[in-house]
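Reviewing the structure listed below.
None of the figures in this text is laboratory data; all of them are computed from the coordinates on show. What you see is a predicted model, and the numbers here were worked out from it, not measured in a lab. Please note: Cβ atoms are built from the backbone with ideal geometry, for glycine as well, and neighbour counts cover all protein chains shown.
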Amino acid sequence: MATKDYIIAPSILSADFSRLGEEVNSVIEAGADWVHFDVMDNHYVPNLTIGPMVCRSLRDYGISAPIDVHLMVEPVDELIKSFSKAGATYITFHPEASGDVNRSIGLIRDNGCKAGLVLNPDISIDVLEGYLDKLDIVLLMSVFPGFAGQEFIDSVLEKATKMRSVINENNLEIRLEVDGGIKLENIKDVADAGADTFVSGSAIFGEPDYFEIIQKMRDSLKVE
Ligand code: DX5
Ligand code: ZN
């Protein structure tokens, strides 16, 4: 895969929320492609984060990069509608959090956003059967959702390779994203396993120089 096709999506969960607009601007100026926006509801996951108003604020602040909304909420449909109005580009959700996965995917697309399903580390890609032709993105979790800064779970690599084969064999136009514990030391392994879109929170926002860390990640993706 050409290096230019790789997407780096910093997770703003690890940003300084008191200066969120500036932080998002800084990572985008430093070369990040998308903004990964983690939504947690203290129900589907124990943590509680941010909602559509914050997404709208980032757009109003002038952020034009794609916003990749990762819903860790249950149920999903009302928030899909609100996030599509609030400027989301991608909206992904966990299939077990929706009462009707087809309806939720349809809602995302009918509201002008790109749709994706998210699989936790212990959920097989078989769950995606029947939905693949309606998806723009598949997100494989490499940690159990809920918190930033967790250790990468290696078994996702094999799953990513299987998912890549399914995408290629069926000529699907689906991005393959991996989320959780991605850092400079393992981003290349994740790419080699078949992913093209990388979420990284603490490993980017935890560094003093966003340009340098993003550049280093891109350089490591270039190595043959
Ligand atoms: C986990 C979130 C991730 C997480 C990534 O529940 O979905 O996006 O914040 O953060 P790091 O890269 O620190 O694991
Ligand atoms: Zn996420």
What does the charge count near His43 come to, summing +1 for each Lys or Arg and -1 for each Asp or Glu among other residues with Cβ under 14 Å from its Cβ? -4
Apply the a/c threshold of 1.5 to the C-alpha gyration tensor of the stretch 98-176 and tell me whether it is rounded, prolate or oblate. oblate
Can you tell me which of Gly194, Gly99, Gly180 moves the most in a GNM of the chain? Springs connect C-alpha atoms under 10 Å apart. Gly99
Identify which of Val166, Val118, Val24 has the largest mean-square fluctuation in a Gaussian network model of the chain, with springs joining Cα atoms closer than 10 Å. Val166
Report the one residue of Asn111, Ile67, Val190 whose Cα lies farthest in the direction of the positive end of the charge dipole of the chain (charges on C-beta: Lys and Arg +1, Asp and Glu -1; origin at the Cα centre). Asn111
Between the stretch 128-154 and the stretch 43-79, what is the separation of their alpha carbon centroids in Å? 17 Å
Over its alpha-carbon atoms, the stretch 12-123 yields an Rg and a Dmax in Å of 13.6, 39
Sketch the reach of a paramagnetic label on Ser57 as a point 7 Å from Cα along Cα-to-Cβ, and name the residues of the stretch 10-28 whose backbone nitrogen lies under 14 Å away. 13, 15-25
How much length would be gained if the chain were fully extended between Glu74 and Arg109, taking 0.36 nm per residue of separation minus their Cα-Cα distance, in nm to one decimal? 10.7 nm
Taking the Cα centre of the stretch 3-221 as origin, work out the dipole magnitude from +1 charges on Lys and Arg Cβ and -1 charges on Asp and Glu Cβ, in debye rounded to 20. 480 debye
A 24 angstrom limit on the alpha carbon distance is what I want to check against. Which of Lys134/Lys183; Lys183/Lys222; Lys81/Lys114; Lys85/Lys114; Lys81/Lys188 exceed it? Lys134/Lys183; Lys81/Lys188
Of the residues Glu29, Glu74, Glu129, which exhibits the maximal mean-square fluctuation in a Gaussian network model of the chain defined by a 10 Å Cα contact cut-off? Glu129
Taking every pair of distinct Cα atoms and averaging 1/r, then inverting, what Kirkwood hydrodynamic radius in Å comes out for the chain? 17.3 Å
